[in-house]
Amino acid sequence: MTENNNIAEFKSETEKAFQTAWHSEKGGDESWYKLLEFYGAQPLSQKEKEQLMNSEMKIVKGAYPVELRRVYEKIIAGYLLKNDPQLNTVLNEFDTELKVKEYYQKIKPFSGMNDIFSNASVSLNKYSEGMQKEKHQTIKCKNCGAPRLEVAQYDNCLFCGSKLFVSN
């Protein structure tokens, strides 16, 4: 197989994953779960889905961004095994953070300016309880803006899967 075919296949697979996630029902559907299973990507647990459904980070359709990230990671890992220098350049340039963020922009509900300000005031007390006097801010995901959960969440964003903290 030539290098160009590997690149074309990679782009086709990532696009198929994006489209399958985007066109699935809210939270995922049978075709999305088959794709997760095909790649061996871990789906969200029912408890995690319930947390996300009740969070400030709403979706109107599609699979959750964190699950799409997991599929992208599996696709990339599979193509890295091909040891194709030209393909490796494409893989290194594939910005998973940006792709997941673009996906979230397509599945989130449209909100006007009034919704933005009312959402900010409602979530201030929920995620910053006891911190108003100290003028601290809620820790948010750098990629999607989801607030960190009250219970010590220090690894990855539950909503999109980005690393919440990057160590140097």
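Some notes on this structure:
- Residue satisfying all of: in the range 45-66; in contact (Cβ under 8 Å) with a residue 12 or more places away in the chain, assigned to a helix (DSSP H, G or I) and not aliphatic (A, V, I, L, M); surrounded by the most Cβ atoms within 10 Å (Cβ to Cβ) among these: Pro65
- Residue count for the range 31-79, restricted to those that are touching a Ser or Thr at 6+ places or on another chain (Cβ under 7 Å) and of a type outside the set (Asp, Glu): 8
- Contact map, the range 149-168: first residue at pLDDT below 60, second residue part of a loop (DSSP other than H, G, I, E, B), Cβ cut-off under 8 Å, separation 6 or more or different chains; pairs are Glu150/Glu129; Gln153/Leu164.
- Members of the range 20-41 that are farther than 15 Å from Val66 by Cα, in a helix (DSSP H, G or I) and not acidic (Asp, Glu): Ser31, Lys34, Phe38
- Any hit, the range 67-75, residues being out of contact with any Pro (no Cβ under 8 Å at 6 or more places or on another chain), in a helix (DSSP H, G or I) and closer than 20 Å to Asn4 by Cα: yes
- Scope the range 1-28; condition surrounded by 15 or more Cβ atoms within 10 Å (Cβ to Cβ), of a type in the set (D, E, K, R) and either touching a Cys at 6+ places or on another chain (Cβ under 6 Å) or at pLDDT 95 or above (or both); matching residues: Glu9, Glu13
The values are calculated or read from the model by the stated rules, or taken from the named source; none is laboratory data. Quantities reported herein were computed from a predicted structural model and do not represent experimental measurements. As a convention, Cβ positions derive from the backbone with ideal geometry for all residues, glycine included, and neighbour counts pool all protein chains shown.
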